[in-house]
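Written below as structure tokens is the structure these notes are about.
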Amino acid sequence: MENKSPLSPHIQIYRWHISSLVSISHRVTGIINIIAITLICIWASLLFFGEVNYVMINFVLNSFLGKFIALGLTWSFSFQILSEIRHLIMDMGYGFELQTTRITGLVVIFGSILLTIVIYLLGKNLI
Amino acid sequence: MNLATKKWIFLKISSIVLLPLMLWFIVNFIAIYDSSYLEVVEFFTNSKSKFLFSLFIIFAYFFSALSISEVFEDYIEDDKIKYVANRVLFISAITIPLLTIIFLFNLN
């Protein structure tokens, strides 16, 4: 017998809210992060095969594109960290009021930009 | 306790463990991503970095596999496609971190 389990309605039928933007971005950054972690695993594994195999990757990572990717990944991680904290707080039963979801959504969006700057400066030993 | 509840609990536990590991990793990634081969090797051969990075990728893949399987549940109607997608996902979530950890622990 064919299984007719219900699927999620398409996102286009909903009116846009801060919460939906944060929720969709949470899924998108989650996918970006796991693709990036896979590439980082390949990068780390290539170290085993010696410096010759590392030259090309090092060239890309030192270019403008490399710096853009690193900064973009920092934002993606920052967003995921803050959004996951928001999810955990909601799992404990807090922050479901409409106004609160708007505020926490905005905190995640703007906080992720701020956290990106802090992480970048920390990583580069500038603070 | 049904399977969906167990999955939810594992998802939440892994996300709590993953949060500090993500923060640790991204700060260190920014510190080393444009460094020389020897500096990056030095980072990955350090016992603390090796241990934390291994833990990070294990939990990242575990968390992602559980999360993405939820997305499959929401958006894939065909049971056969969903089954294959989940198998591919879980096999990748085991083999990619395992191979990376083997390479890292053999790095000198």
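Computed from the coordinates by the stated procedures, all read-outs in this text should not be read as laboratory data. In this text the structure is predicted, and so the values were computed from the model without any measurement. Here the Cβ positions follow ideal geometry from the backbone for every residue, glycine too, while neighbour counts run over all protein chains shown.
Each residue in segment A:81-108 was checked for being farther than 20 Å from B:I16 by Cα and either touching an Asp or Glu at 6+ places or on another chain (Cβ under 9 Å) or in contact (Cβ under 8 Å) with a residue 40 or more places away in the chain (or both), and 3 pass. Got at least one residue in segment A:41-57 being in contact with a helix residue (DSSP H, G or I) (Cβ under 6 Å, 6 or more places away or on another chain), within 10 Å of chain B (Cβ to nearest Cβ), surrounded by 12 or more Cβ atoms within 10 Å (Cβ to Cβ) and polar (S, T, N, Q)? Among the residues of segment A:41-57, at least one is in contact with a helix residue (DSSP H, G or I) (Cβ under 6 Å, 6 or more places away or on another chain), within 10 Å of chain B (Cβ to nearest Cβ), surrounded by 12 or more Cβ atoms within 10 Å (Cβ to Cβ) and polar (S, T, N, Q), which makes the answer yes. The single condition among (1) hydrophobic (A, V, I, L, M, F, W, C); (2) within 17 Å of A:L39 (Cα to Cα); (3) more than 8 Å from chain A (Cβ to nearest Cβ) that B:L52 does not meet is (2). Residue-level analysis places B:E42 outside the set of residues that are over 27 Å from A:I89 (Cα atoms) and assigned to a loop (DSSP other than H, G, I, E, B). Checking each residue in segment B:18-58 for being hydrophobic (A, V, I, L, M, F, W, C), out of contact with any Asp or Glu (no Cβ under 9 Å at 6 or more places or on another chain) and exposed (fewer than 15 other Cβ atoms within 10 Å of the Cβ) picks out only B:F51. Exactly one residue among B:A65, B:A85, B:A93 is surrounded by fewer than 17 Cβ atoms within 10 Å (Cβ to Cβ) and free of Cβ contacts under 8 Å to residues at least 40 places away in the same chain, and that residue is B:A85.
The residues in segment B:74-108 that are over 30 Å from B:E39 (Cβ atoms), facing chain A (nearest Cβ under 8 Å) and not in a loop (DSSP other than H, G, I, E, B) can be counted, and the count is 3.
Among residues belonging to segment A:80-108 that are part of a helix (DSSP H, G or I) and among the hydroxyl-bearing types (S, T, Y), point out the one that is surrounded by the fewest Cβ atoms within 10 Å (Cβ to Cβ).
In the first step, residues of segment A:80-108 are kept if they are part of a helix (DSSP H, G or I); the result is A:80-91, A:98-108.
Pick out the ones that are also among the hydroxyl-bearing types (S, T, Y) and you get A:83, A:100-101, A:104.
Values: A:S83: 24, A:T100: 13, A:T101: 17, A:T104: 22.
That would be A:T100.
Only one of the numbered conditions (1) in contact (Cβ under 8 Å) with a residue 60 or more places away in the chain; (2) closer than 17 Å to B:L21 by Cα; (3) loosely packed, with under 15 Cβ neighbours inside 10 Å is violated by A:L21, and that is (2). For segment A:59-79, a residue qualifies if it is at the interface with another protein chain (Cβ under 7 Å from one of its Cβ atoms), part of a helix (DSSP H, G or I) and not hydrophobic (A, V, I, L, M, F, W, C), and the qualifying residues are A:G66, A:T74. A Cβ distance below 8 Å, combined with a sequence gap of six or more or placement on separate chains, defines the contacts here; from segment A:109-127, residues that are facing chain B (nearest Cβ under 9 Å) and in contact (Cβ under 8 Å) with a residue 24 or more places away in the chain reach no residue that is exposed (fewer than 13 other Cβ atoms within 10 Å of the Cβ) and among the β-branched types (V, I, T).
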